[in-house]
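Colleague: Pasting a structure here, questions to come.
Where a number appears in this text, it was derived from the coordinates with a stated rule and is not lab data. All figures in this text were calculated on a predicted structure; none of them were measured in a lab. Because the Cβ atoms are built from the backbone with ideal geometry, glycine has one as well, and the counts that use them run over all protein chains shown.
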């Protein structure tokens, strides 16, 4: 467990906490810094993440019930709108930021949102470079929102390898704990999801 205060979060039957954690409007200064960091992260990757997106609703959207009216930033959410359409039917707005699969206009719109939740689903596990992962986590931690992180374990051997679509770290979910814990004051893991607050 984390050296910090860990909190358990509810399953399907309840909403995730996080009300009144909205990020304040800083006139775009934080957004500009984050955008620069994201561009740097994308350029540093040896293996592109462009072809790793799947046309399906990420499990995190089904494991938790987001409160109606919530705004979600899906960081690295891929090229498909499947999750956004699924959550729209539940009264939740999802905007996707993805430097590989979204237009500059779409990314600008996503970054203009002040989210209640930030989802990072199966993004970290397709990146080979530890420093890029660390940069992404720093970006996620800049939001005053509930941050939900999931990873795909691949074959679970811990030996990363190139794939036909990019790269897979093949690490167990627990292997990401230390890196995540460095950036957030509160971290817990529930139902396969890291739930984080700065």
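Colleague: Rounded, prolate or oblate: which one fits region 98-198, using the alpha carbon gyration tensor with axes a ≥ b ≥ c (rounded when a/c is under 1.5, else prolate when a/b beats b/c, else oblate)?
Modeller: Oblate.
Colleague: Using the basic label-point model (7 angstrom from Cα toward the beta carbon), what is the residue 89 to residue 62 distance in nanometres?
Modeller: 1.2
Colleague: Taking 10 °C and 1.306 mPa s as the conditions, I'd like the Stokes-Einstein D for region 29-197 in µm²/s, using the Kirkwood hydrodynamic radius from alpha carbon pairs. Please report the intermediate quantities before stating the final value.
Modeller: Details: Rh = 16.0 Å.
Using the Kirkwood radius from Cα pairs, D works out to 99 µm²/s.
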